Amino acid sequence: MDLGNPIATGNTAKIYYFDNKIVKVFNDFLPDTESINEANKHKYFYSSGLPVPEILGVTKINGKQAIIMEYVKGQTLGDLLFKDKEQTEYYLNISVDIQMKIHSINPNPKAIEPMYVKLNRQIETVNKLGRKQKSVLLNKLESFTYENRLCHGDFHLYNLIKTDNQVVVIDWVDSSAGDIRADVYRTYLLYSQVSSVLADMYLRFYCEKSGILRSEVFQWAPVIAGARLSESVSTENSKRLMRIINHYCPL
């Protein structure tokens, strides 16, 4: 099957628009269960009443795992903000309200991977961290107590699509059940690599609306930065992440 050129490319998959649907084709290095696991998570989010694209099928295309899902017509809040920066507060407020709705869900432990397991696995695979640094980060991770809530894991304005009547949340591949403060710091970390002003504005809005403290969010800084190192994202500065780790967890 010829899907044409991808409309987006990520670390784990290529995204195509085909026959008025979205087709997500996974890279070969992923486990054979990747597509079905992601599809099942998406179905769970959909059944929970969250605004997510509907899963239409799981298949193989040209020998590769693929998910077929509903095409959501609209623009991302990131694109809209880029066109009109005077609306920054407006779009960030919308996003925080949606993130808080996600965080209000107490997820089925059988449906969603625990955040602790995910972060532990990521930190263990980072070559840039020595054994002692990993131990410090994993001990810090072990020390946190929290109530498990649904966390998106990659929540930012470019994963929110504004349609005519709602805002749809996409790209749930990093979702887990864990501490909302960790999820908030992850979003802060993503924004801060682009704009400290945007990151601080986002965090202020979330803390004001939720009542959690900025200091509580930043307790997660070294752990989330350490896990981020495992992703080897080309746009991320690994030296910046190491500075965060060393600042909060000096050896």
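The values are calculated or read from the model by the stated rules, or taken from the named source; none is laboratory data. Just so you know, these numbers come straight off a predicted model, no measurement behind them. Using ideal geometry, Cβ is built from the backbone for each residue, glycine included, and neighbour counts are taken over all protein chains shown. For the accessible areas, the whole protein counts, side chains as well, though only heavy atoms, and no ligand, DNA or RNA atoms are used. Shrake-Rupley method; radii C 1.70, N 1.55, O 1.52, S 1.80 Å.
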Would you calculate a helix-derived [θ] at 222 nm for the chain, using -39,500 (n - 2.57) for each DSSP H run of n ≥ 4 and dividing by the full residue count, to the nearest 500? -13500 deg cm²/dmol
So, with a 1.4 angstrom probe, what is the percent of accessible area on region 33-97 that is carbon and sulfur? 49 percent
Residue farthest toward the positive end of the dipole of region 65-110, with Cβ of Lys/Arg at +1 and Asp/Glu at -1: which of Q87, H103, Q65? Q65
Region 121-247, accessible surface, carbon-and-sulfur percent (1.4 angstrom probe): 48 percent
State, to one decimal in nm, how far the label point of V197 lies from the label point of D2, with both points 7 Å from Cα in the Cβ direction. 4.7 nm
Considering amide H positions built from the backbone, and no H for Pro or chain starts, which residues 5 or more places from V126, or on another chain, come under 5 Å of its amide H? none
Residue-wise, which Karplus ³J(HN,Hα) couplings in Hz belong to region 172-178, taking 6.51 cos²θ - 1.76 cosθ + 1.60, θ = phi - 60°, and x for glycine or proline? 9, 4, 9, 5, 7, 9, x
At 1.4 Å probe size, with every protein chain present, just tell me what the per residue accessible area of region 31-98 comes to in Å². 54 Å²
Dipole magnitude of the chain, debye to nearest 20 (Cβ charges: Lys/Arg +1, Asp/Glu -1, about Cα centre): 740 debye
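Computed FRET efficiency, Cβ-Cβ of N139 and L213, R0 22 Å: what is it to the nearest 0.05?
0.45
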State, in angstrom, two size descriptors of region 1-142 derived from its alpha carbons: Rg to one decimal place and Dmax to the nearest whole number. 18.4, 52
Within the set K73/K110; K24/K162; K41/K134; K41/K73, which residue pairs have Cα atoms separated by over 27 Å? K73/K110; K41/K134
Just the accessible area per residue of region 142-251, please: how many Å² with a 1.4 Å probe? 44 Å²
S232 versus D32, label points 7 Å from Cα toward the beta carbon: distance in nm? 2.4 nm
Less than 17 Å from a label point 7 Å out along the Cα-to-Cβ axis of T88: which backbone N atoms in region 155-170 qualify, by residue? 156-158
Cut-off under 5 Å, modelled amide H: who pairs with I61 long-range: A66
Interchain or long-range residues, amide H under 5 Å from N27's placed H: A13, K14
